[in-house]
1. Across the range 180-207, what is the total count of residues that are at pLDDT 90 or above, crowded, with 16+ Cβ neighbours inside 10 Å and part of a loop (DSSP other than H, G, I, E, B)?
2. Within the set of pairs 6 or more residues apart or between chains, which connect a residue that is closer than 15 Å to Ile149 by Cβ inside the range 120-134 to a residue that is polar (S, T, N, Q) and surrounded by fewer than 17 Cβ atoms within 10 Å (Cβ to Cβ) with Cβ atoms less than 6 Å apart?
3. Out of curiosity, is Gln151 farther than 20 Å from Asn194 by Cβ, polar (S, T, N, Q) and without any contact (Cβ under 8 Å) to a residue 60 or more places away in the chain?
4. I'd like to know if the range 210-221 contains one or more residues that are under 30 Å from Leu121 (Cβ atoms), surrounded by fewer than 20 Cβ atoms within 10 Å (Cβ to Cβ), of a type in the set (Asp, Glu) and modelled with pLDDT under 95.
5. Quick one: what pairs do we get from the range 190-208, first residue under 16 Å from His158 (Cα atoms), second among the aromatic types (Phe, Trp, Tyr) and outside any strand (DSSP E or B), C-beta under 7 Å, 6+ apart or different chains?
6. Kindly establish whether Asp136 is surrounded by 15 or more Cβ atoms within 10 Å (Cβ to Cβ) and among the acidic types (Asp, Glu).
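The values are calculated or read from the model by the stated rules, or taken from the named source; none is laboratory data. Bear in mind the structure is a predicted one, so any value in this text is a computation, not a measurement. All Cβ positions, even for glycine, are placed from backbone atoms using ideal geometry, and neighbour counts span all protein chains on display.
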Amino acid sequence: MKSFFKSLLILSCIFISTSLFAQLDNNNNNGSEKEGNIKVIVKNNSKEVKIPKSLELVGKEGFKKAYDKEKEKLKQQQEEAALNNKGILTKEQLNNLRIKEMYGKREIKKVDSHQGNFLTLSKTLTLSFRDFGAIDGDIIGIYHNSILIVQKTTLNQHYQSFKIHLEKGDNKIEILALNQGSLGANTAQYKLVNGSGLKIASQYWFLATGARAIFNVTKSE
């Protein structure tokens, strides 16, 4: 009797094991049939990504240089917009308004402007000048003791400098306005510097065409 039950138990185990192996084998076969098959979905409404035009690289400038350039441009635009919105005038705009208020509504008389008398021990003086308002085409000539040393030069936003060799005693330096700019006068900011680099004068002139700004410089021993 015991042998019968033992044989029955062994047969049951063999049957269960066979079923399990068959099931696993079927699963493996099904998986191998699908292995390597990947389903891909492509959306038709996908959009191409474009590089913003403001950051496109031009020539050899490189990304950083292009970025810095656009950043600086944006900063200037923002500053200009802020000034326009608040009604704040820049220094240049304020200078232009002052000139227009002083000269724009009336005729400028042809009157020479005496800029002062100066004493120096230096052998030379350097005269520097620039248009301190809008660049409107002012043109001047320069004389030293009635001798023309600069026939014609146009004022701009940067200082132009001319060295003048002084004679013993009195030296007369004259700035002749050859025209008047669009703002109504020949205008400039100037400075006089001696041979040691010391500034001895700094002022402005407002001249009609044909008028002169005059500096009297005495060179002592």
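1. 0
2. Thr126/Ser161; Ser128/Ser161
3. Values: farther than 20 Å from Asn194 by Cβ: yes; polar (S, T, N, Q): yes; without any contact (Cβ under 8 Å) to a residue 60 or more places away in the chain: yes.
For Gln151, the condition - farther than 20 Å from Asn194 by Cβ, polar (S, T, N, Q) and without any contact (Cβ under 8 Å) to a residue 60 or more places away in the chain - is met.
4. yes
5. From residues that are under 16 Å from His158 (Cα atoms), the pairs are Tyr204/Phe132.
6. So Asp136 fits the description; yes.
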